[in-house]
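Chemist: Right, I'll just put the structure down here and ask away after.
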Amino acid sequence: MGVFDNARESVQKAMKQAISWAMQMSDDPYEKEYSRRALWQAYLIDYYQGVQKKSLKTSKEGVDFNITVNLASLIVDRAASMLFGGGLEFKNDSDEVKAYIDAVWDANKKDILLHDFGQNGAIYGTLYAKILPGDLVTDDNKSTFGIVALSPINMIVGVNPKDVREVLYYVNRWNVNESGKTVAYREITKKVKDSIPVTWEIRTQVQGRSMSSKWENIDIVSWPYDFAPIVHTKNLPNAGSQYGRSDIEDILGLQDDYNQAFSNVNKILWFHGHPHLWTNGKVGSLVDWSTEKILELKGDGITKDPSMQSLELQGDLAASREFINDLRRDLMDVSRTTDVETIKDKAGALTNFGLRVLFKDELAKTKTKQLLYGEFLCEINRRLMLLAGMSGDEGEIQWGESLPENENEETTALKSDLDMGIVSRQTVAMRRGYDWEIEKERMSEEKRTDGNVGGKIITDFFRGGNMPTNRPVERNGTQNS
C-alpha cells in the first residue's frame, strides 16, 4: 500500500471518528440525523475510492493475496459521463436571459461543475448546489454569482413530514483542524417559521472538543427571499424520502464477492507459481517462503531423490474464471450499466439501433437522471434570474447525445427528414453539431460573394475585347466591306 493510500485511510479514519463523536451528542436533533447519514455516506465513498473489504488474511509470511478490482468507481464515472459527456445547452426564448445564464455558468466552469454534480449524485444518491452572491467575475469583468457543488457527506436536509417536497432546513457540517485541535462548524439554512412572505435565516455555529456540547452562534444572516440559497435533488428516485438513491448502493455485496473470487484465484496461482516437490509421501518446496529465495536440492532440507515429482495444478481454472465473469455481469446488470466487455468483439458491426438496444437499460436510467437533474438545473437558473432581478421563464435544457453514433446512418436519416419537410435546417445543423447562427451568416456571405464574382465576370466580358461582333466574315478569312 502506497503513501497516498495510507494518508487517505488516515483521513477517512479521522472522519469516521468525528462522526462517532457526533453520534454521542444525542440531545441535538441535527447531529442525530447528520451522524446517521454520514456513516452511510462514508461507507459509499470508501467503496468508490477502493477502500473495500478484504476477504483473505495475510499469510504468516506477510503475503497479501487480496485483489481489489474497483468496479464501483467504474460505474460512478461511467454514469457521470453518460449523463454529462454529451454536454448540454440552456435554452431560453429571451436572448437577454440566455446570455446572462450562460455567462454565470461559464464563470463557474460549467462542464467541470456539471461532472462534479454527476459524480456526487452517483456516489451519494443526493446532490446539492449553493449560490454565492458576488462570488465570481465574468469574462467582461462583471461581478456574478458563484455556484458550488456542496459535499453531500456534510449535508442533511429537513422536510415537512406531510410533504417531503417542502424543505424546512439545510445543514452543512464540516470539521477543521486549527492548531492541532479539531473544531466543528455547521451552517444551518432554515426557513423562518410563520414569516409572511417566506424568508430564510443562515446561522453559522462552531464547536470544538474542549467546548461544551452546545453549539455557539458566530454569525446570523437574513436571506430575504422565498427560496434558500441551496438547491438539492435526487440522483435516482427514492419514493417517500427527501434523499435519492446512489448508483452503487445495491452492488456493494457483489463488489465484495467479485474481489474475493479474484483473490482466491490469485492465491491459487501464487502457490502454484513455484514448484512444490514430493517424494515418499512428503512434500517440499524449491522456495524458502520466509525469504522467497530458491533453495538447493541438496543440503537445505529437501532430499534429492530420483522418485521426486512436482505437484501440478489440475485444470486451468476455467470454472473460476467463468464464475468471476458471471459476478461481473450480475454486478453490471444490478447497477444498470452496460459492460463494454460483452460487445467489444462486435462493436464495429453495430448499427445505431443495435447500439441503443444493447444500452437500453443504461439509457433508460440516464433518461430518468436527466429528468431529475434537469429540474435541479432549471431551478438554479430560476433563482439566478430572481437574484438578478430578471423575470420570465427559466427555460429548458437541451441534452447532448450520450452514445457515439454511425455518422452515415445519422446523415441519411436527417436528409430523409429534411426532404419530407418534417424538420428544419436549423434542427439538422444542431443535430450535426454546427452552430446554426454562425453557419447561416457564413452561407449568406458566400452567396453575396458568389453573386459579386459572377457580376464582375459578366461586366468585364462586355467591357473588354471579348465582346462578340456581328460583322460577317468571308470564307477566305477577310472581312466584307
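Every number in this text was worked out from the coordinates using simple rules, so none of it is lab data. Note that the structure is predicted; figures quoted are calculated from it, not measured. Positions of Cβ are generated from backbone atoms using ideal geometry, with glycine treated the same way; all protein chains shown enter the neighbour counts.
Chemist: Separation of the range 75-122 and the range 251-275 by C-alpha centroid, Å?
Modeler: A separation of 40 Å, based on Cα centres.
Chemist: If you don't mind, there's one more thing I want to ask. Could you derive backbone 3J(HN,Hα) for the range 422-434 from the dihedral phi with the Karplus parameters 6.51, -1.76 and 1.60 (θ = phi - 60°), listing whole Hz in sequence and x where the residue is Gly or Pro?
Modeler: 9, 8, 8, 5, 5, 5, 4, 4, 5, 5, 8, x, 9
Chemist: So, one more: What residues from the range 226-249 fall in the zone where the backbone N is under 12 Å from a label point 7 Å along the Cα-to-C-beta line of Val164?
Modeler: The answer is 234-245.
Chemist: Calculate the FRET efficiency for Trp40 and Arg448 from the Cβ-Cβ distance with a Förster distance of 51 Å, rounded to the nearest 0.05.
Modeler: Working: r = 65 Å, r/R0 = 1.27.
For Trp40 and Arg448, the calculated efficiency is 0.20.
Chemist: For the range 55-161, taking Cα atoms only, what is the radius of gyration to one decimal and the Dmax to the nearest whole Å?
Modeler: 20.4, 71
Chemist: Any idea how far the Cα center of the range 358-392 sits from the one of the range 218-233, in Å?
Modeler: Centre-to-centre distance over Cα atoms comes out at 21 Å.
Chemist: Continuing with this model, one more query. What whole-number volume per residue, in cubic angstrom, does the convex hull of the C-alpha atoms of the range 3-234 give? Kindly include the intermediate steps, with their values, before the conclusion.
Modeler: On the way: hull volume 47.5 nm³, N = 232.
Hull volume over Cα atoms, normalised by residue count, gives 205 Å³.
Chemist: In addition: Tell me which residues come under 5 Å, amide H to amide H, from Thr233 once H is placed; ignore anything under 5 positions away on its chain.
Modeler: Answer set, sorted by chain and number: Leu127.
Chemist: Quickly rank 391-400, 134-143 as a protection proxy: mean count of other C-beta atoms within 10 Å, highest first.
Modeler: The most tightly packed comes first, giving 391-400, 134-143.
Chemist: Another question, if that's okay. Going by average Cβ neighbours within 10 Å, how do the peptides 357-364, 125-132 rank, with the highest at the top?
Modeler: 125-132, 357-364
Chemist: Would you grab the residues whose amide H sits under 5 Å from the one on Ile147? Only those 5+ places off in sequence or on another chain, please, with H modelled 1.01 Å from N.
Modeler: Leu132
Chemist: Taking 7 Å along the Cα-to-C-beta vector as the label spot, tell me the Asp330-Thr58 distance in nanometres, rounded to one decimal.
Modeler: 3.1
Chemist: Find how much the distance from Asp135 to Gln398 grows on full extension, using 0.36 nm per residue of separation minus their present alpha carbon separation; answer in nm with one decimal. Could the numbers behind the result be given before it?
Modeler: Working: separation 263, 0.36 × 263 = 94.68 nm, distance 2.70 nm.
Full extension of this stretch gives 92.0 nm more.
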